[in-house]
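Asks: Before I ask anything, let me first share the structure, which is written out below as structure tokens.
The values are calculated or read from the model by the stated rules, or taken from the named source; none is laboratory data. What you see is a predicted model; the values in this text were computed from it and never measured. In this analysis, Cβ positions are derived from the backbone assuming ideal geometry, glycine residues included, and neighbour counts consider all displayed protein chains.
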């Protein structure tokens, strides 16, 4: 069975409902052999949405080593946590070099948390200028924004710039704390943005929840929302293969 796909908002791109996150073994240094095997196994299984970030240790370089001739087969993403134009452009230069590619499919403003972050990103000389310039020059096809601290901050960002995608937490705890599902999701749908889920397994802490019966219910919870894909970091190939089983057998 193949992994189902969904359309990434107004980008029109079809991506699998499971993405390979930049965490897990990919957020390390010195595990080239393991990361190479994991990335290529993911691609073999149809996990062609691949995520990283400038802040994720050696993750980008692992992708650069593994992808090579397979670059055209995947939807490649990364992020910059720089808040100023020059810093973001420097990050993009590093990212493209590390990933051994001339462009990203999606470049994202990483982890916006506060009003101070917003002021820096959107002021003259702020990072958003670098993102717009990169898209204009073809260094990225699309621009996204990410956050998992305060849904109202993420919503403000989405109202300030026509982002193509948003990366946000989607799990059963969210409605009982700061609800990205209630605050961010409706705005993203209204703007026809691609919606990417993260923290689906509470960064692996789901296994500590009383009554734990495996990870699949949390994956099904996320994908039962109008989410395009869920990015999940993996430590091992068996973890990856388990997630692929969840995706291929998915029903709402």
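Asks: Return the residues of segment 172-201 that are modelled with pLDDT under 95 and part of a loop (DSSP other than H, G, I, E, B); say none if nothing qualifies.
Replies: Listed by number, the residues that qualify are 172, 173, 177, 178, 179, 199, 200, 201.
Asks: Do you know which residues across segment 127-152 are surrounded by fewer than 20 Cβ atoms within 10 Å (Cβ to Cβ) and in contact with a helix residue (DSSP H, G or I) (Cβ under 7 Å, 6 or more places away or on another chain)?
Replies: 129, 152
Asks: In segment 36-53, which residues are surrounded by fewer than 20 Cβ atoms within 10 Å (Cβ to Cβ) and assigned to a loop (DSSP other than H, G, I, E, B)? First the steps, then the outcome.
Replies: Taking segment 36-53 as the starting set, the residues that turn out to be surrounded by fewer than 20 Cβ atoms within 10 Å (Cβ to Cβ) are 36-37, 40-41, 43-44, 46.
Residue satisfying the conditions is 46 alone.
Asks: Please list, ordered by residue number, the helices (runs of 4 or more DSSP H) wholly in segment 68-165 having 1 or more residues that are under 24 Å from residue 42 (Cβ atoms).
Replies: In segment 68-165, 85-99 are the helices (runs of 4 or more DSSP H) which contain 1 or more residues that are under 24 Å from residue 42 (Cβ atoms).
Asks: Just to be sure before I move on: is residue 23 under 13 Å from residue 234 (Cβ atoms) and either part of a loop (DSSP other than H, G, I, E, B) or at pLDDT 95 or above (or both) in the structure I sent?
Replies: no
Asks: Sort out which residues of segment 5-35 are under 19 Å from residue 224 (Cβ atoms) and either buried (at least 20 other Cβ atoms within 10 Å of the Cβ) or over 18 Å from the mean Cα position of the chain (by Cα) (or both), and write them in order of number.
Replies: Passing the criteria: 8, 9, 15, 16, 17, 18, 19.
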